1. Out of all the residues in region 367-382, which are under 18 Å from ALA293 (Cα atoms) and polar (S, T, N, Q)?
2. Within region 328-365, restricting attention to residues that are without any contact (Cβ under 8 Å) to a residue 40 or more places away in the chain and under 17 Å from the mean Cα position of the chain (by Cα), which residue is farthest from LEU270 (Cα to Cα)?
3. Applying the selection to region 589-624, what residues are in contact (Cβ under 8 Å) with a residue 40 or more places away in the chain, closer than 24 Å to GLN433 by Cβ and in contact with a Phe, Trp or Tyr (Cβ under 8 Å, 6 or more places away or on another chain)?
4. Filter region 634-673 for residues that are of a type in the set (D, E, K, R) and either over 22 Å from LEU592 (Cβ atoms) or surrounded by fewer than 20 Cβ atoms within 10 Å (Cβ to Cβ) (or both) and give the result.
5. Determine whether region 404-425 contains at least one residue that is under 30 Å from ALA518 (Cα atoms), touching a residue at least 24 places away in the same chain (Cβ under 8 Å) and in contact with a Lys or Arg (Cβ under 8 Å, 6 or more places away or on another chain).
6. Report, by residue number, each residue of region 567-596 that is among the small types (Gly, Ala, Ser) and either surrounded by fewer than 20 Cβ atoms within 10 Å (Cβ to Cβ) or in a loop (DSSP other than H, G, I, E, B) (or both).
Amino acid sequence: MTGPHQVGVLPRQADCFQDRAIAQQLEHTVDGEGTVVLSQVLAGLGGVGKTQLAAHHARTQWQAGKLDLLVWVTAATRDAVVTGYAQAAVEVLGSDPADPELAARAFLAWLEPKPGTAHRWLVVLDDLADPADLRGLWPPASTHGRTLVTTRRRDAALTGHGRQLVPVGLFTEDEATSYLITALAAHDRNEPAAQLAGLADDLGCLPLALSQAAAYLLDVGLDCATYRHRLTDRAHTLTDALPDPSGLPDDQATTAAAAWSLSIDCADQLPPTGLARPMLQLVAMLDPNGIPATVLTSPPALNHLGRHRTAAPGQTQAGEVAPSDAAQALRALHRLSLIDHNPNRPHHTVRVHQLLQRAVRDSLSADQHGQLVRTAADALIAAWPQVERDTTLAQALRANTEALTLHAEDALHQPDAHPVLFRTGKSLGEAGQVTAALHHFQHLADTTQHHLGPDHPDTLATRHIAAYWRGESGDAIGAAAAFERLLPDRERVLGPDHPDTLNTRNTLAGWRGLAGDAVGAATAYESVLEQMLPVLGPDHPYILNARHNQAHFRGESGDAVGAAAAYEQLLPDRERVLGPDHPLTLGTQATLAHWRGKAGDPVGAATACESVLEQMLLVLGPHHPYTLATRAALAHWRGVTGDSVGAATACESVLEQMLLVLGPDHPYTLDTREVLAVLRGEAGDAVGAATAYEQLLPDMERVLGPDHPDTLRTRKALASWRVEGKSRSVDQSTD
């Protein structure tokens, strides 16, 4: 060979090419551990720009005079690789083109390093479809030559033997926005930077989608804001928002949506055959930023895979699908770079690009879409623990429900409101995000009424729950008013003796009591229980709840001994019906401890709080509202028994967590602030107690109202500690 020589045609550089950081990595011939890199494999999802990066590197090396031979081969099949090598042999060695296999072997032999020769070469194998196609065809290891492969595959066969896997990801946000600005400016188009940054985010910073979106904007003449609306409009598919094949930029052959179809077909052929496609369809319904493994291996997910398994030609569908099969289907999708599958992140095991999800959803019929939505919702419910001890898992499940609802709210209300809609709101409340839970159920009440009508049982149930969280957020008066409006609707639709109607009457009595009428609530519960017992029986959860509430308001009415006795009678029934570790059972234990202390046994109350707190930490976790409330109660009773300083320190600690977890307006937070004020005063800091009450009073007035009993008690305590503070100041000055 005389002089530098190029075989094959490099793809032209894309307009507005982004010189990404990963391009610098291709210049390195030694990896981070000091190992010589002989081959680099650019792997990633179709559309991330692997070919452009490879072409840029090859062109840069060639133009810098660092190569004697540059070979570019489109490696979609084994035959294509052989043909490319054979062409190189013909041009470089003068081989006979009649026998491509022989010529290809001659070329590989010529690449072998030999004494006295130092040809500098680069072989680029672009778009390798199957690692098996390179068996016996990998260019040899040489200190004078390098191999660069682009592929969507991430198989182990592509690494080792001096080969380095180089993951190619998306543009950064800055790169994506910069690309759009440059691409549009080249055609004298200027758009607001915020709109372009939003479009980059809408397209998930995928280079191929960004280039095609820019071409569409220019060809159709849309402004960015209108295009973004079209992109998110569920009436349009992804194909509707991208150029037709005749308008593709940069010599591209396919749209972003079509670019992934071959990869999906290939993944579906990998073991376990026929499961990759239905698994990807399920993944397309959930959160692109992370799906827990337990969701995708749950019984509803496995049933879906079994029903929709793609049968191989000449074969019938196999039998049941095991969790291990589902995991292997995820690995198949990972090998084709269609998803990122990381078993070491159990709560965010699977990540997927949002546009790929959109393309998969667009390919479904209306019936298929609706079925998949309900299946995904069933899978989330199956993976959701009854007691949320793992806050990270709970957050992931809520995020997946939110993603599912975002593009499938209609299906989640057909034929009824799916339980996952209720479960995610309950999860928010249990995590202490009371305001978020209230907003969730207020929105759910509106959407359920829209889809199912005002008298549907699910609509009435959602109104009930929304009213409950309104009260939990601090608006007891508003909650009572909401239940008053709901009760006649439930009586009319369901009947006066329906369990849900009785439960609304039960809950209404409770919120009337919390709004300030403790005596009236205690009396009302006697009537409620008389009506509920014959209908529901003594062990029904609604009966147990009513007994709990009746005991509470008995104590609030001034009968602490009677309240403690009522809770002592209730506790064994809770344990028998619900189990000793149920949150409501634990809550009853904590409340019993409280009323024992109020009845005159503060030492017993502190001991009981310590015991139930240990159980709560094990069962509910440290951030559950019941756990936090019990920690505050324990601090209170320790203060009552004499350790005011230690109790105040403990109370300050739990208050910090309550503010983070529950928020400043949660009733538990307000109660704990009051406890802390008392403890400071009893520890000798009357001025500090008065200051704490001064800060608490306006919040009590705002959240509970100026005439609520708790507000009146706070106002009275503030006056008392102000007097106490002045008295102690006088005593100290006299001394």
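The values are calculated or read from the model by the stated rules, or taken from the named source; none is laboratory data. Small disclaimer: the values here were computed from a predicted structure and weren't measured. For neighbour counting, all protein chains shown are included, and Cβ atoms are generated from backbone atoms with ideal geometry for every residue, glycine included.
1. THR375
2. ASN344
3. Correct list: ALA590, THR591, LEU620.
4. Step one: of region 634-673, the residues of a type in the set (D, E, K, R) are 638, 643, 652, 656, 665, 671, 673.
Scanning region 634-673 gives ASP643, GLU652, GLU656, ASP665, ASP671, ARG673.
5. Within region 404-425 (the criterion being under 30 Å from ALA518 (Cα atoms), touching a residue at least 24 places away in the same chain (Cβ under 8 Å) and in contact with a Lys or Arg (Cβ under 8 Å, 6 or more places away or on another chain)), the answer is no, since none of the residues qualifies.
6. Looking only at region 567-596, we keep the residues that are among the small types (Gly, Ala, Ser), and these are 579, 587, 590, 593.
Passing the criteria: GLY579, GLY587.
Listed here are the residues, each with its yes/no results for (1) of a type outside the set (Val, Ile, Thr); (2) surrounded by fewer than 22 Cβ atoms within 10 Å (Cβ to Cβ); (3) at pLDDT 95 or above.
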residue	(1), (2), (3)
ARG485	yes, yes, yes
VAL493	no, yes, yes
LEU514	yes, no, no
GLU526	yes, yes, no
VAL535	no, yes, no
ASN545	yes, yes, no
GLY558	yes, yes, no
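Each row is one residue, and each column tells you yes or no for (1) out of contact with any helix residue (DSSP H, G or I) (no Cβ under 7 Å at 6 or more places or on another chain); (2) more than 28 Å from ALA633 (Cβ to Cβ).
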| site | (1), (2) |
| --- | --- |
| VAL493 | no, yes |
| ARG512 | no, no |
| VAL519 | yes, no |
| SER527 | yes, yes |
| VAL535 | no, yes |
| TYR542 | no, no |
| ALA551 | no, no |
| GLN589 | no, no |
